[in-house]
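What follows is a set of notes on a single structure, which appears directly below.
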Amino acid sequence: MTRLSVNVNKVALLRNSRPLDIPSVVRAAEIAIDAGAHGITVHPRPDARHIRPADVHSLHKLARARGVEFNIEGNPFHPMLELVRAVRPDQCTLVPDDQDALTSDHGWDLGRNGARLRPVIAELKTLGVRVSLFMDAEDQAMAAARAVGADRVELYTESYARAFGKTEQAPVLARYAAAARAAQREGLGVNAGHDLNRDNLPQFLRAVPGVLEVSIGHALIADAIEFGMKQTVALYLGAVSGGRAA
């Protein structure tokens, strides 16, 4: 069964536009969990433009109390690791984004960064944290992900989202399926995320085998403006179920 982790960054972004705790990031996460979300994801950035350190601690406490997973994303060569060491989330997804990046836009080049990542991954695993690497859908890179010590990979799905509904969708999906199978042959779990939404998610999960978790933020929070958080999470859980045939 594919699990749904709700990324609440965009709730924090809206809150930060005023000196108020409106909307409440914790309350948004509570509603998502009540509606059936399996986890909560945050991606703190050095400029704290959305998730702040206090949010990480509050959301970690909530996730522990409610029995759902807590996933922290970010670049381990930025200050994010201090938060990970402090709260020890269930999962840490390591992402190679630049400090001023608008959003994550590529996976790791392990030929260039593998040696730097290896001791970071080893430390996280000694803390009891599952480690996922944000990766492009390149099947030949999965052996390197395993070699540096990762437990999972998160397939960066923007190219699939761009191809969705177009003639190139089928070959792009085939590339993701091949990458997932290559990861699984290496003993890696497979997650996915970035620009997934309730329209393109079922076909992705039907085509790409064994996806353990999807982390969705931007589209889900945008849908919540129209439908409300509770109904939106239900719609996304339905989209996940629609792809369960894989």
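Every read-out reported here was derived from the displayed coordinates using simple, explicitly stated rules and does not represent laboratory data. All values reported here derive from a predicted model rather than from experimental measurement. Cβ coordinates were reconstructed from backbone atoms using ideal geometry, including for glycine residues, and neighbour counts include every protein chain displayed.
Of all the residues in region 128-144, those that are of a type outside the set (Asp, Glu) and assigned to a loop (DSSP other than H, G, I, E, B) number 3. The set of residues from region 1-35 being of a type outside the set (A, V, I, L, M, F, W, C), without any contact (Cβ under 8 Å) to a residue 60 or more places away in the chain and assigned to a loop (DSSP other than H, G, I, E, B) comprises 16, 17, 18, 19, 21, 23, 24.
Within region 1-34, restricting attention to residues that are under 16 Å from residue 196 (Cβ atoms) and not aliphatic (A, V, I, L, M), the residue that is surrounded by the fewest Cβ atoms within 10 Å (Cβ to Cβ) is 3. Could you tell me which residue of region 215-234 is farthest from residue 50 (Cα to Cα), considering only residues that are among the polar types (S, T, N, Q) and in a helix (DSSP H, G or I)? Only one residue fits best here, namely 231. Can you confirm whether residue 54 is closer than 17 Å to residue 71 by Cβ and assigned to a helix (DSSP H, G or I)? No: the conditions fail for residue 54. The single residue among 212, 196, 237 that is in a loop (DSSP other than H, G, I, E, B) and either free of Cβ contacts under 8 Å to residues at least 40 places away in the same chain or not small (Gly, Ala, Ser) (or both) turns out to be 196. Total residues in region 142-200 satisfying the condition of being surrounded by fewer than 20 Cβ atoms within 10 Å (Cβ to Cβ), within 16 Å of residue 95 (Cβ to Cβ) and out of contact with any helix residue (DSSP H, G or I) (no Cβ under 9 Å at 6 or more places or on another chain): the figure is 1. Scan region 152-178 for residues that are within 18 Å of residue 209 (Cβ to Cβ) and among the charged types (D, E, K, R) and the total you get is 3.
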